[in-house]
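The values are calculated or read from the model by the stated rules, or taken from the named source; none is laboratory data. Since we're looking at a predicted model, the values are computed, not measured. Cβ atoms come from the backbone with ideal geometry, glycine included; neighbour counts cover every protein chain shown.
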Amino acid sequence: MGSPGILLTALRWWVEAQSFPRPIRQFRRRAIALAVRSHDLMAIRYTVPTSQLRLLLALTEGRRQIVEIGTGWGWTAATLVLAHPDCTVETYDPVIPPLRSAYLDLLPEEARERIELVQACGQDASPPDRPVDALFVDDAHHTEEIVATVSRWRPALATDAVVVFDDFSEKYYPGVRVAVEELGLSGHQHGRFFVAEV
């Protein structure tokens, strides 16, 4: 497939999928298998790690309207709709990876219908009329874009909404931490996430 390190990562994600409920476990293992067969290194390399994914599922428990900034290959959105049967996920990304549709086709039809794909940047979005219960920011890691995105979505957030920033602790993406500081957000770091109070 290419890098032995990526193969080891794929194997680790496969083993760790055992800890998820059956629908999520099946999806993740099928997605991993498809990525390996298709030599889709990026989908494996940039998926949210298992421990952080579990935290995201806990933070979004009971949230009905979830917005994701940064669809990528769709694995996180797919996991959210499988974990939360009453939620819808509206997910934004200006770039469409070649195999995204193939990964999402692994979902049951009912779950797939609760994902709305929007080919746009988060800061260019038109937030829905209904309040957003959770905002997951995992797209552009540049300070200006993150600030613009959160400023765009802030008026649409429910009073008890949760806002989660990925890669807050990653040294390769210093713009995330700077953006959180510029936005004046308080909250807590959990692994590589920053969970903001709004």
- Message: Can you pull out every residue in region 1-11 that is assigned to a helix (DSSP H, G or I) and surrounded by 14 or more Cβ atoms within 10 Å (Cβ to Cβ)?
- Response: Ile6, Leu7, Thr9, Ala10
- The residue from Glu182, Glu144, Glu170, Glu197 that alone is surrounded by fewer than 16 Cβ atoms within 10 Å (Cβ to Cβ), touching a helix residue (DSSP H, G or I) at 6+ places or on another chain (Cβ under 6 Å) and not hydroxyl-bearing (Ser, Thr, Tyr) is Glu182
- Item | Conditions (1) surrounded by fewer than 18 Cβ atoms within 10 Å (Cβ to Cβ); (2) modelled with pLDDT of 95 or more; (3) of a type in the set (Lys, Arg): number failed by Arg130 | (2)
- Tell me which residues, restricted to region 40-67, are of a type in the set (A, V, I, L, M, F, W, C) and crowded, with 20+ Cβ neighbours inside 10 Å. Ala43, Ile44, Val48, Leu53, Leu56, Ile66, Val67
- Give the residues of region 27-38 that are without any contact (Cβ under 8 Å) to a residue 60 or more places away in the chain and surrounded by 12 or more Cβ atoms within 10 Å (Cβ to Cβ), sorted by residue number. Arg28, Arg29, Ile32, Ala33, Val36
- Here are Ile32, Ile24: which of them is closer than 14 Å to Ala83 by Cα, assigned to a helix (DSSP H, G or I) and modelled with pLDDT of 95 or more? Ile24
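Hey, any hits in region 179-189 for a residue that's hydroxyl-bearing (Ser, Thr, Tyr), over 22 Å from Tyr92 (Cβ atoms) and touching a Gly at 6+ places or on another chain (Cβ under 9 Å)?
No.
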- Message: Going residue by residue through region 116-129, is there one that turns out to be under 23 Å from Phe27 (Cβ atoms) and either touching a Leu at 6+ places or on another chain (Cβ under 9 Å) or small (Gly, Ala, Ser) (or both)?
- Response: yes
- Considering each of Thr149, Thr143, Thr91 in turn, give the residue that is in contact with a Cys (Cβ under 8 Å, 6 or more places away or on another chain) and under 20 Å from Val198 (Cβ atoms). Thr149
- Query: In region 54-99, what count of residues is obtained for those that are farther than 20 Å from Val132 by Cβ, free of Cβ contacts under 8 Å to residues at least 40 places away in the same chain and either touching a strand residue (DSSP E or B) at 6+ places or on another chain (Cβ under 6 Å) or part of a helix (DSSP H, G or I) (or both)?
  - Reply: 1
